[in-house]
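This report concerns only the one structure given below.
The values are calculated or read from the model by the stated rules, or taken from the named source; none is laboratory data. Being a predicted model, the structure only gives us computed values, none of them experimental. Cβ coordinates were reconstructed from backbone atoms using ideal geometry, including for glycine residues, and neighbour counts include every protein chain displayed. Just the protein is used for accessible areas: all its heavy atoms, side chains included, with ligands, DNA and RNA removed. Shrake-Rupley method; radii C 1.70, N 1.55, O 1.52, S 1.80 Å.
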Amino acid sequence: MADIKTNLRELSVGFYFFDNKTGNPSPSEFLSVCKNNIVNCSWLDVRNIASNEQSFSYDEAQIIRNGLKLGKAIKDVFNLSDKPEVTWEGLNTQSGEAVDLIINNFRFSLKEDSHILENMGLYKLMNLIMGKVTYTRGLHVFEEFAPDRLTKWFETTRDLLLICDDLPYLTKGQGYESSADLEENGTLCLSYFGQADNVKSRISDFANCDYYRFEKSTTSKTREKVFSKWLKETVENLNEYKVAKKACAMEAGERIVQLLSPYINTSPTSMLRLFRDEEYYYAKTTSHGVEIYHVTSKEKFTSPIIIKNITAKVPEHQLNIHTTLENQETHKTIEFRSELRYSHGQFNGTPEAKFYIASGDITAFYKRIFPN
């Protein structure tokens, strides 16, 4: 499920067409306009659009103001009627579609400060570059490409946690409490107490537990809501931890680049994955202004794309795979950054690969239509 800020960023553009005179709506007013005018909003609750049910925070209000600016620009650029048909596609986050909002027949992917294009699993990125289906969903960057270093990273984390003096570890989140405690027999007990459920994971002989036994002995909830929070507050800033994490990231990155380097200077047709079956518009709005780009369909994009370079970078201890592409017709280049990281707590699940525009000229592939 998308978060509050994502919902606001997308819905505020549609909100403009039905209430562009309200510069500072309350959450209930905003919700009412959306539910009464925008398709796919009937399920919304105030908690989906505001952190406080009485009023929007400063950041939330700024997102709405930026969305209203983009709504006005879209209305002017596409010469839309005062009350067009607006459909919110924000729920289809797993569909592979880029589109967040459809206004009449115009399809929009909406961004704000972020240069992210999509959450693209590592398996997708590697298959695109290689031009063939080699990897499948669930590819774990560290388990696959740096298993020994992952083991060492986990063991370093484990040992640092064992010598910390804050046990039992207690924390509270929205609607839940959790704790971590080491019993006299050496069993680590991770406990989650939520409004809907209680979950407990017990890891025997934790002092000798390896990464894979840890994974089997815990659940996503006890890893995210207990273990990773304990780790973050206790050892994440320690140098020993950072060194182990960085070593794991560097080895995984080196192996990935080694595998992908033979595809430099090739032009796999699969790179057209950057486009979709139907055209759409990539639109960004920030406090600095509005940008709108036309993204043609795969069928109509005929310029050959060549992979110019693939590198791994580890700023501090975060693994990034950088891919530089060139439009051979215009010779414009653009560099994409795939940020490989755990999104729901360290050692929890499969790290995501968020796909960003890192540098270069987006008009290598997309046509700017506003401002022109």
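Summed over the range 338-367, the residues that are touching a residue at least 24 places away in the same chain (Cβ under 8 Å), buried (at least 17 other Cβ atoms within 10 Å of the Cβ) and of a type in the set (D, E, K, R) give a count of 2. Restricting the range 19-60 to residues that are more than 22 Å from the chain's Cα centre (by Cα) and among the small types (Gly, Ala, Ser) leaves a set whose member that is nearest to ILE369 (Cα to Cα) is GLY23.
Taking the criterion of being touching a residue at least 24 places away in the same chain (Cβ under 8 Å), surrounded by 15 or more Cβ atoms within 10 Å (Cβ to Cβ), in a loop (DSSP other than H, G, I, E, B) and β-branched (Val, Ile, Thr), would at least one residue in the range 217-232 satisfy it? Before the answer, list the steps.
If we filter the range 217-232 for residues that are touching a residue at least 24 places away in the same chain (Cβ under 8 Å), which is where we start, we get 218, 220-232.
When the remaining residues are screened for being surrounded by 15 or more Cβ atoms within 10 Å (Cβ to Cβ), the result is 218, 221-231.
Pick out the ones that are also in a loop (DSSP other than H, G, I, E, B) and you get 218.
In the following step, the residues that additionally are β-branched (Val, Ile, Thr) were identified as 218.
Looking through the range 217-232, at least one residue is touching a residue at least 24 places away in the same chain (Cβ under 8 Å), surrounded by 15 or more Cβ atoms within 10 Å (Cβ to Cβ), in a loop (DSSP other than H, G, I, E, B) and β-branched (Val, Ile, Thr).
If the condition is being among the acidic types (Asp, Glu) and either over 16 Å from LYS69 (Cα atoms) or crowded, with 20+ Cβ neighbours inside 10 Å (or both), then the range 17-40 contributes only GLU29. Looking at the range 194-207, is at least one residue in a helix (DSSP H, G or I), surrounded by 18 or more Cβ atoms within 10 Å (Cβ to Cβ) and either in contact with a Gly (Cβ under 9 Å, 6 or more places away or on another chain) or at pLDDT 95 or above (or both)? The answer is yes; a qualifying residue exists. Note on the range 249-300: residues that are β-branched (Val, Ile, Thr), at pLDDT below 80 and in contact with a Phe, Trp or Tyr (Cβ under 8 Å, 6 or more places away or on another chain) total 0.
Within the range 125-150, being surrounded by fewer than 17 Cβ atoms within 10 Å (Cβ to Cβ) and either over 25 Å from the mean Cα position of the chain (by Cα) or at pLDDT below 95 (or both) holds for GLY131, LYS132, VAL133, THR134, TYR135, THR136, ARG137, GLY138, ASP148.
Note on the range 61-77: residues that are of a type in the set (A, V, I, L, M) and under 23 Å from the mean Cα position of the chain (by Cα) total 4. Determine which member of the set LEU325, LEU319 is under 30 Å from ASN237 (Cβ atoms) and in contact with a strand residue (DSSP E or B) (Cβ under 9 Å, 6 or more places away or on another chain). So the residue among LEU325, LEU319 that is under 30 Å from ASN237 (Cβ atoms) and in contact with a strand residue (DSSP E or B) (Cβ under 9 Å, 6 or more places away or on another chain) is LEU319.
Any residue in the range 222-237 that is touching a Lys or Arg at 6+ places or on another chain (Cβ under 9 Å) and under 16 Å from CYS189 (Cβ atoms)? Yes, because at least one residue in the range 222-237 is touching a Lys or Arg at 6+ places or on another chain (Cβ under 9 Å) and under 16 Å from CYS189 (Cβ atoms).
Close contacts from the range 281-295, counting a first residue that is closer than 15 Å to ARG65 by Cβ and a second that is open to solvent by 10 Å² or more (accessible area, probe 1.4 Å) and acidic (Asp, Glu), with Cβ to Cβ under 8 Å and a gap of 6+ residues or different chains, come to LYS284/GLU112; LYS284/GLU291; THR285/GLU112; THR285/GLU291; THR286/GLU112; THR286/ASP113. Residue-level check: of (1) over 30 Å from GLN62 (Cβ atoms); (2) open to solvent by less than 30 Å² (accessible area, probe 1.4 Å); (3) assigned to a strand (DSSP E or B), SER303 misses just (3). Scanning the range 196-225 for residues that are under 22 Å from the mean Cα position of the chain (by Cα) and under 15 Å from LEU161 (Cα atoms) yields one hit, ARG223. Scanning the range 156-187 for residues that are in contact with a strand residue (DSSP E or B) (Cβ under 9 Å, 6 or more places away or on another chain), modelled with pLDDT under 90 and open to solvent by 70 Å² or more (accessible area, probe 1.4 Å) returns a single hit, LYS172.
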